[in-house]
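Below: the structure, in structure tokens.
The values are calculated or read from the model by the stated rules, or taken from the named source; none is laboratory data. Values in this document were obtained by computation on a predicted structure and should not be read as measured data. Backbone-built Cβ (ideal geometry, glycine too); neighbour counts: all protein chains shown. In case anyone asks, the SASA skips ligands and DNA or RNA and just uses the protein heavy atoms, side chains included. Shrake-Rupley method; radii C 1.70, N 1.55, O 1.52, S 1.80 Å.
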Amino acid sequence: MLRDMTRADAAQRITELREQIHHHDYLYYVEARPEVSDAEYDALMRELRELEASFPDLVTADSPTQRIGGAPTDIFKPVEHHDAMLSLDNATSPDDLREFEARIGRALPGAAFTYVCEPKIDGLGIALLYEHGRFVRGATRGDGRVGEDITPNLRTIRSIPMVLRGALAAAPVIEVRGEVFMPREEFARLNRSLEEAGTPTFANPRNAAAGAVRQKDPSVTARRPLDIFLYHLSRANSLGFASHWDVLEALRAAGFKTNPRAERCADLGAVIAACEKLERDRDALGYDADGAVVKVESLDQQRRLGSTTHHPRWAIAFKFAARQATTVIEAIEVNVGKTGALTPTAKLTPVELAGVTIRNVSLHNEDEIRRKDIRVGDTVLIERAGDVIPYVVQVVLAKRPEQSQPFTFPSACPACGGATARAEGEAYWRCLNSACPAQLKERLRHFGSRRAMDIEHLGDSTIEQLVDTGRVKDFADLYTLTSNEVAELDRFAEKSAENLVAAIAASRTRGPARLLNALGIRLVGERVAQVLAARFGSLERIAAASEAELADVHGIGDEIAHSIAAFFRDPTNRRLIERLARAGVVTSAPVAPEGPKPLAGKTLVLTGSLPTLSREAARELIERHGGRVASSVSKKTHYVVVGEAPGSKADDARRLGVTVLDEAGLLELVRL
Ligand code: IVH
């Protein structure tokens, strides 16, 4: 039928499809309230792609099909900013804010000021250019005067509209500024998968976002979970706007994502309260914010206040208390992970950091130690950004002891003394001894963990003893343990031994997805395991699949397919699966028929700990029933599920009038 279509018909249908897809992108990525299922959305995309393939001259850069298609570049073209992208002056106390108001009062005698207060996002400043409502160019801040053209990379961020709506769509040229960032949950997920792949992880969301935005290959950026908030319209004055608040509303109406936490403040007292509230809530925002930005609301006053060469006089950044501290590295320990990777950890003189005592910090790998030249005895600056694990920012060289020596990475496995190797392009040294007890202990720990086989009572000291006494040499050995054997271990009585054996027995029915994750196959984590189990139904069928068949599954790349195939080719691993199955561990499940989707199109936010469901289980339940879990509450949120010790999200829900549920209410919604 495609062939029968005239060019004019195709052009018209292409326009319709693009409008529909832009609309659904907006609902999904900006408003977080999709109206169609993934399948319906995919069908629209497929039809558009087919039409564009038949009529290639109708492809335009702002077509939704082009979000991921850009060709890799070697260099980014320089972009001169029409108006410099300035930085902000800092305030660190309410007094500094009062001083700010006094200063602007002196510059505009007799004026009364109102303000807008918004989170200062710790991301990357960027500028987006639209001509007649179409996205034409995006650039980094660079040195403020000249940035880099990263248009293809920014196109991959789905919350950036390619086509504007509303009044701003008609303007010949507009420039909008904002901050690209990586949400914390996505950052944690990305690091988990990098870790599984044996590649170096990112220290914080900002570094991860910066790396993604400056990728030479936009298809890599496309795979990174980036988001954006827009907060500035250049030359808004001449576009007829009177206040910053009006600008934010116009940006929102044009399809941009603006920060729902932006707040209008009638006077400086309200500003101080808003800044302090944001600081209290910073961990619950879902992204890193290092302060609050206070802006004079009136654009006319902004224009009259003007800028210095460095910053606008009409705005100031209220910096949140630093979550950095200095302490001393007492030792560097190297441990063996479940895949044999040697990971160095610094033992610190305990130090208090944002309410938590920090004793250890991961140094990631050899290169990281070398790059930062971290040595035993060094005083280091450590930082804890958001709820992210702490890391070493830098060594305080002025305090380095005179006799200090660079750290030498061990050449043998610190656990078994076996040989180690570091493969080309790999970040980690690995212990090559597959019987290394330290590796086995780590693998058992992972096997029994909550997201894997969830074996209660299988704690670290039990694992230590089971391995050290030779009772457990692989996962299958767990299932043949008797309570008499367990009772012989230290700190076990008859009752606790029976409890452990019962807990192990209960894990038999976790099913193939959990089991697959539990096996600790390189690159196979929770998500990949779920995809594979849903597609193949059993471990036996996954084991029998060819590498090509595995790579054919949506969401499974070549590298993952290779790793899985290699695992199941190994006779030892095949025997292990047979022995697990013989021990009664369930290795297959019926490929689940699609159930009803009572939460289709609904966005939920979770806060606090629920009485029975873990965070992951709740998310899984919601997604299985067609819902989406968002990290922060907005007017578009349908339900906020509140547990014990909820964060500020519960307050947000009440403030915005969003329905609040407890766990029972959630279960009621999905009728379980
Ligand atoms: S306003 C002239 N608002 O902070 C307007 N900046 O230190 C200046 N930033 O370069 C920017 N969140 O990249 C503004 N809500 C926000 C912001 C924000 C983060 C960044 C921005 C800027 C830097 C200034």
- Message: Just checking, does the stretch 251-260 include any residue being outside any helix (DSSP H, G or I), out of contact with any helix residue (DSSP H, G or I) (no Cβ under 7 Å at 6 or more places or on another chain) and open to solvent by less than 20 Å² (accessible area, probe 1.4 Å)?
- Response: yes
- Could you check, for the stretch 258-277, whether at least one of its residues is under 15 Å from Ile157 (Cα atoms) and within 15 Å of the ligand (Cβ to nearest atom)? yes
- All-but-one check, Asp25 against (1) surrounded by 15 or more Cβ atoms within 10 Å (Cβ to Cβ); (2) in contact with a strand residue (DSSP E or B) (Cβ under 8 Å, 6 or more places away or on another chain); (3) among the acidic types (Asp, Glu), failing number (2)
- Query: Just one of Ala346, Ala317, Ala321 is in a loop (DSSP other than H, G, I, E, B), aliphatic (A, V, I, L, M) and either touching a residue at least 24 places away in the same chain (Cβ under 8 Å) or touching a His at 6+ places or on another chain (Cβ under 6 Å) (or both); which is it?
  - Reply: Ala321
- Return a yes/no flag: does the stretch 265-288 have any residue that is closer than 14 Å to Leu248 by Cβ and either touching a residue at least 24 places away in the same chain (Cβ under 8 Å) or open to solvent by 50 Å² or more (accessible area, probe 1.4 Å) (or both). yes
- Single residue of the stretch 85-100 satisfying the filter (under 20 Å from Glu279 (Cα atoms) and assigned to a loop (DSSP other than H, G, I, E, B)) that is farthest from the chain's Cα centre (by Cα): Ser93
- Task: Output the qualifying pairs, or none if there are none: Cβ atoms under 9 angstrom, residues six or more apart or on different chains, first residue in the stretch 115-142 and closer than 24 Å to Arg264 by Cα, second residue among the hydroxyl-bearing types (Ser, Thr, Tyr) and within 7 Å of the ligand (Cβ to nearest atom).
- Result: Glu118/Tyr231; Ile121/Tyr231; Gly125/Ser87
- Query: Do you know which residues across the stretch 82-98 are within 13 Å of the ligand (Cβ to nearest atom) and either in contact with a helix residue (DSSP H, G or I) (Cβ under 6 Å, 6 or more places away or on another chain) or of a type in the set (Asp, Glu) (or both)?
  - Reply: Asp83, Asp89, Ala91
- Task: Report whether or not Leu190 is surrounded by fewer than 22 Cβ atoms within 10 Å (Cβ to Cβ), over 19 Å from Ser234 (Cα atoms) and away from the ligand (no atom under 16 Å from the Cβ).
- Result: yes
- Query: Restricting the stretch 70-103 to residues that are free of Cβ contacts under 8 Å to residues at least 24 places away in the same chain and not hydrophobic (A, V, I, L, M, F, W, C), which is farthest from Ala127 (Cα to Cα)?
  - Reply: Asp95
- Would you check which residues across the stretch 367-410 are buried (at least 18 other Cβ atoms within 10 Å of the Cβ), more than 25 Å from the chain's Cα centre (by Cα) and in contact (Cβ under 8 Å) with a residue 60 or more places away in the chain and list them? Phe407
- Item | Residues of the stretch 139-159 satisfying the condition of being surrounded by 20 or more Cβ atoms within 10 Å (Cβ to Cβ) and out of contact with any Lys or Arg (no Cβ under 8 Å at 6 or more places or on another chain) | Ala139, Arg141, Pro152, Leu154, Ile157
